[in-house]
Amino acid sequence: MTALMKRIFMASGKYKTRIAVAFVFSFLKGMLKNAPIGLGFVVLAAFYHGYAPPQLCLWIGLGLIFILLLQMLCQNLSDRLQSAAGFLLFADKRMELGAHLRNMPMGYFTEGNIGKISSVLSTDMVFIEENCMDVLADMMSYVFSQVILIIFLFFFNPWLGLASLIVVLLILLLGRGLKKEALTDSAVRQTQLEDLTESVLDFTEGIGIIKTYNLLGEKSKTLSNSFREFCRTSLEFEENHTPWQRGLNLIYGFGVVVILCLSLFLYFKGQLDVTYLLGIMLFVFDLFGPLKALYGQSARLTVMNSCMDRIEEVFAQQELPDDGTHCIPESSSAPQVQFEQVSFAYGEQEVLHHISFNLEANQMLALVGPSGGGKSTIASLLARFWDVKSGRILVRGQDIRTIPLSNLMDHISMVFQRVYLFQDTIYNNLRMGRPSASREEVIEAAKKARCYDFIMALPQGFDTLVGEGGASLSGGEQQRLSIARCILKDAPIIILDEATASVDADNESYIQQAINELCQGKTLLVIAHRLNTIRHADKILVIADGTIAEQGTHEELMQRDGLYKHFVTVRETNQGWSPRK
Ligand SMILES: Nc1ncnc2c1ncn2[C@@H]1O[C@H](COP(=O)(O)OP(=O)(O)OP(=O)(O)O)[C@@H](O)[C@H]1O
């Protein structure tokens with residue numbers, strides 16, 4: 001518990017003082033909880049010794065009211081301070097995590113971590129936010145209450161104090177076992193919760209594909225299995241705790257009997273005053289109550305512990321360094337883009353080996369080659385989705401690792417095959433390309449990207465809301481909107497992943513017109529599939545097995561009897577690898 005308190009306290013940043021003050025009030029609340037017992041004992045002793053003036057009753061009554069009021073005040077202050085601190089702290093933590101995620105390499109998001117991020121941001125953070133402060137403050141008050149009760153007993157008789165201490169030690173020993181079990185179980189449970197989130201995301205995001213392939217039954221079954229599995233683990237979590245909780249209950253009861261019998265024994269031996277015996281009777285049945293309440297919360301505590309582990313794990317992921325201070329120069333005699341001996345690995349697996357090429361301003365470089373050769377990786381490295389393993393990538397002579405990420409992004413636009421439109425109006429989706437753009441500029445970009453007509457045919461024109469992922473628009477329309485976004489951005493370097501999926505002839509022609517508008521006067525790095533695009537490229541790189549197998553213009557490469565010529569021949573005879581015409 002102390003370890004968890006320390007972790008939360010260390011993570012509480014500017015709310016440390018507020019939390020510390022809340023805990024002080026909680027401590028006072030714990031002390032005051034036992035004060036009526038002390039008062040009761042004073043009354044008993046006074047009556048027993050024949051001292052019972054009417055004023056005593058008045059004072060005791062007033063004292064009790066005072067204690068109750070003070071207890072309420074402390075409770076109120078600690079609750080208010082701690083719950084506000086919890087919500088404020090986790091609002092900040094979410095923003096911190098958001099900033100951290102923004103600076104993470106893209107690889108982190110594509111390597112199956114979406115479920116983890118979602119469950120950390122929602123389930124884990126919400127659980128800690130709602131529980132941490134009140135549970136921790138309650139824990140503190142239980143611990144202090146227990147300590148005070150033991151001190152009472154030591155004060156009455158050292159043997160009683162010692163006996164209660166031994167019982168407490170036994171409880172702590174068994175509690176350690178419970179904690180160990182709970183820690184393991186809650187880690188398993190939280191991991192399953194993460195898998196469950198992943199399954200739900202998978203199901204909802206892929207619902208279109210699932211329906212197309214008639215997999216609704218199968219995938220629903222997978223999802224139901226995940227739900228059932230989580231339910232089973234939760235039940236197991238509870239069941240595994242039960243024997244430990246029963247053991248603890250046994251020791252609580254056993255401890256009460258021992259203290260009761262020992263008190264009577266000491267009384268009959270003349271070693272314990274009758275007033276003390278009566279005092280002990282007052283609270284002996286609740287003697288280990290605070291510890292009982294504390295272990296009753298152990299399940300919540302351990303879940304909080306594993307939530308903290310997972311939150312810290314995401315925070316511990318290395319960010320992509322963004323400490324560059326050299327902005328891209330306005331002009332330079334160096335090539336627009338240079339790859340110098342670039343190697344790259346996903347984890348341990350090296351997928352690019354010593355790639356070197358230059359791309360001059362306003363030229364087009366086409367990357368072609370077999371699937372899995374490394375074309376997309378080359379494009380991603382230029383946008384600094386990841387950092388190279390060795391070698392350098394330069395933009396206008398400047399190593400991209402020394403350029404502030406925002407400056408690099410200002411100079412690069414990417415047109416992906418997979419388009420993402422936010423749940424917002426078409427206008428706002430377009431304006432993301434350049435937030436400072438005027439309405440006229442947005443409309444102009446839409447016209448250039450051949451979007452204007454279909455936008456105006458929508459019920460609210462530019463103010464029409466598009467669904468999550470742009471579900472209410474056709475693939476070709478979404479693609480053109482994403483191109484309009486890039487036209488508005490007007491970045492000098494464009495990375496274009498040409499669509500491989502077939503769209504109808506009209507759409508294809510519109511997309512091509514939109515791309516032609518976008519690419520005017522730009523430097524282009526194209527992952528090319530269309531023979532037409534490839535033919536017009538200033539330079540073609542054939543990428544195979546992470547290396548440049550061949551390079552040159554279409555004519556140069558066709559003169560060699562190499563991989564490229566083979567690919568084109570295959571394309572022309574419509575077999576296998578196919579750069580479309
Ligand atoms: N996120 C990733 N994690 C691990 N390996 C990856 C990842 N992305 C790609 N790879 C691997 O890197 C290699 C190069 O992949 P890349 O996507 O760059 O090839 P490509 O030429 O663009 O293929 P395609 O034409 O099919 O898109 C492949 O072996 C691929 O399996």
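Just so it is clear, none of the values below were taken in a lab; they were calculated from the coordinates. A quick note: this is a predicted structure, and the numbers were derived from the prediction, not measured. Cβ: placed from backbone, ideal geometry, glycine included. Neighbour counts: every protein chain shown.
Values for this structure:
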| quantity | calculated |
| --- | --- |
| Filter on 33/93; 116/522; 14/116; 116/448; 179/221; 93/375 - keep pairs with C-alpha separation over 30 Å | 33/93; 116/522; 116/448; 179/221; 93/375 |
| Cα principal axis extents for the range 417-490, largest first, Å | 26, 26, 19 |
| Approximate spin-label separation residue 24-residue 569, in nm, with each point projected 7 Å along Cα-to-Cβ | 8.6 |
| With Cα atoms, 0 to 90° folded angle of helix 125-156 axis to the chain main axis | 20 |
| Student exercise, the range 317-409 dipole from Lys, Arg, Asp, Glu Cβ charges, in Debye to nearest 20 | 220 |
| Expected-Rg normalisation [2.2 N^0.38 Å, Cα atoms] applied to the range 237-332 | 2.28 |
| Residue 218/residue 3 FRET efficiency (R0 41 Å; Cβ-Cβ; nearest 0.05) | 0.40 |
| Partners for residue 539 among aspartates and glutamates (Cα-Cα distance below 12 Å; same-chain residues under 8 apart left out) | 360, 550, 555, 556 |
| Computed [θ] at 222 nm, helices only, for the chain once each DSSP H run of length n ≥ 4 contributes -39500 (n - 2.57) | -21000 deg cm²/dmol |
| Positive-end residue of 241, 55, 365, charge dipole of the chain with Cβ unit charges | 55 |
| Length gained when the stretch residue 406-residue 155 is fully extended (0.36 nm per residue, less Cα-Cα span) | 83.5 nm |
| Nearest-20 debye value, the range 417-490 charge dipole, Cβ charges on Lys, Arg, Asp, Glu | 240 |
| Cβ-derived FRET efficiency at R0 60 Å, residue 453 paired with residue 169, nearest 0.05 | 0.15 |
| The range 262-392 - Kirkwood radius from inverse mean 1/r over Cα pairs (Å) | 22.2 |
| Spatial extent of the range 359-415: Rg and Dmax, with the Cα atoms as the point set, Å | 12.0, 34 |
| Antiparallel %, DSSP beta bridges [both residues in the chain], to 5 | 55 |
| Computed lengthening from residue 55 to residue 249, 0.36 nm per intervening residue step minus Cα-Cα distance | 65.6 nm |
| Leading residue at positive end of dipole, the range 417-490 (Cβ point charges), from 486, 442, 472 | 486 |
| All Cα pairs of the range 418-560, percent lying beyond 23 Å | 40 |
| Label point distance in nm, residue 83-residue 207, each placed 7 Å from Cα along Cα→Cβ | 3.5 |
| Assigned charges on the beta-carbon of Lys, Arg, Asp, Glu; the chain dipole about Cα centre (debye) | 1300 |
| Binned Cα-Cα distances of the chain, short to long, each 10 Å bin given as a whole percent | 3, 12, 17, 18, 14, 10, 9, 7, 5, 3, 1, 0, 0 |
| Projected-area average for the range 2-316 over all orientations - Cα convex hull basis, square nanometres | 20.1 |
| Nearby aspartates and glutamates by direct alpha-carbon distance to residue 447 (threshold 12 angstrom, same-chain neighbours under 8 apart not counted) | 517 |
| Longest to shortest principal axis, alpha-carbon extents of the range 6-114, angstrom | 81, 20, 19 |
| Linear extension gain, residue 416 paired with residue 325, 0.36 nm per residue minus alpha-carbon span | 29.9 nm |
| Prolate/oblate/rounded label for the range 409-450 (Cα gyration tensor, a/c 1.5) | rounded |
| Cα point-scatterer Debye curve for the range 53-120, base-10 log of I(q)/I(0) at q = 0.13, 0.16 Å⁻¹ | -0.61, -0.73 |
| Spin-label proximity, residue 316 to the range 123-157 - amide N less than 19 Å from point 7 Å beyond Cα toward beta carbon | 124-125 |
| Packing-based ranking, highest mean first, of 480-488, 32-40, 132-140 given that Cβ atoms within 10 Å are counted | 480-488, 132-140, 32-40 |
| Amide H within-cut-off set for residue 553, under 5 Å, with H built and near neighbours excluded | 540 |
| Cα→Cβ-extended label distance, 7 Å offset, between residue 436 and residue 349, nm | 4.4 |
